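The values are calculated or read from the model by the stated rules, or taken from the named source; none is laboratory data. What you see is a predicted model; the values in this text were computed from it and never measured. Cβ atoms come from the backbone with ideal geometry, glycine included; neighbour counts cover every protein chain shown. Accessible surface areas use protein heavy atoms only, side chains included; no ligands, DNA or RNA. Shrake-Rupley method; radii C 1.70, N 1.55, O 1.52, S 1.80 Å.
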Amino acid sequence: MKANTQPDRQQPAPQIRPARPEDADSIVPLLVQAIDDIAYSLAGEADHERTLDILRDFVIQENNRISHQNIMVMELDEQIAGMLVAYAGDDADQLDQPIIDRPGRDQDERYVLVKETRPGEYYLDTLSVSESFQGRGIGRALMAAFEQHARRLGHTRTALIVEQDNERARRLYERQGYIQDDVLLIGGHEYYHMIKSISDL
């Protein structure tokens, strides 16, 4: 019998890397999956397709809340399997200004951007895992990368928000050391603001 001497084609190892502008088409659906109605507040727009286009433009651009500069992605099986958006709370006002100043933005009060983070914390704005990749530890790996990056930047506290009725996510964050310290009203929904000290980790 002839032996098969063809080497096995190995899949590329999963990697977490900084996002690039060309990742925008993969990032935006994951972003919207995670933030739901907040997407329309960010875009200042009621139309779904127009909202996607606006968010895509902001991901491609620099120096705003959801710029690719503030995004890390998990690449697995040559696809973007998950992503996170994170930035320093001290920079929040500056990062939101281009979003607020976007020409054509609807000024209706339902689109007012609520400040989700505070000075002195490194903020996990969004974490999202593609439905087809869930259950493979990607969310935990992204959370670990987020906290590691925060420490590397010299931060001692991380923060995030979670919708009040998302009990599963809240318990997950509590198991990872996050504690609730406030409640925010965003887009008509209540969110827990949660913090974690990372100075002693």
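Ranking GLN69, ALA81, VAL28 by how far each Cα lies toward the positive end of the dipole of segment 7-82 (charges on Cβ) leaves GLN69 at the top. Helical runs assigned H by DSSP (4 residues or longer) give the chain a calculated mean residue ellipticity at 222 nm of -9500 deg cm²/dmol, each run adding -39500 (n - 2.57) before division by the residue total.
Label reach from ASP37 (point 7 Å along Cα→C-beta): in segment 96-122, amide nitrogens under 11 Å belong to 110-111.
Averaged per residue, the chain has 56 square angstrom of accessible surface, using a 1.4 angstrom probe with ligands and nucleic acids left out. Segment 107-123 and segment 147-166 have Cα centres separated by 15 Å.
Of VAL162, VAL73, VAL114, the residue with the greatest mean-square motion in the GNM of the chain, using alpha carbon springs below 10 Å, is VAL114.
The label point for LEU153 and the one for ILE179, both projected 7 Å from the Cα toward the Cβ, are 2.4 nm apart.
Taking a point 7 Å out from the Cα of HIS189 in the direction of its Cβ, the residues of segment 153-183 whose backbone N falls within less than 13 Å of it are 161-170.
Taking every DSSP bridge with both residues inside the chain, close to 90 percent are antiparallel. Element breakdown for the chain at a 1.4 angstrom probe: carbon and sulfur atoms account for 45% of the accessible area. Accessible surface for MET72 stands near 40 Å², nearest 10, in the context of the full protein assembly shown (1.4 Å probe). Between the listed residues VAL162, GLN107, TYR40, the Cα displaced farthest toward the positive end of the dipole of the chain, a dipole computed from Cβ unit charges relative to the Cα centre, is found at VAL162. Taking only the alpha carbons of segment 90-201, we obtain Rg and Dmax values of 15.3, 46 Å in that order.
Within the listed set ASP90, ASP47, ASP106, the Gaussian network model of the chain (springs between alpha-carbon atoms below 10 Å) gives the highest mean-square fluctuation for ASP47.
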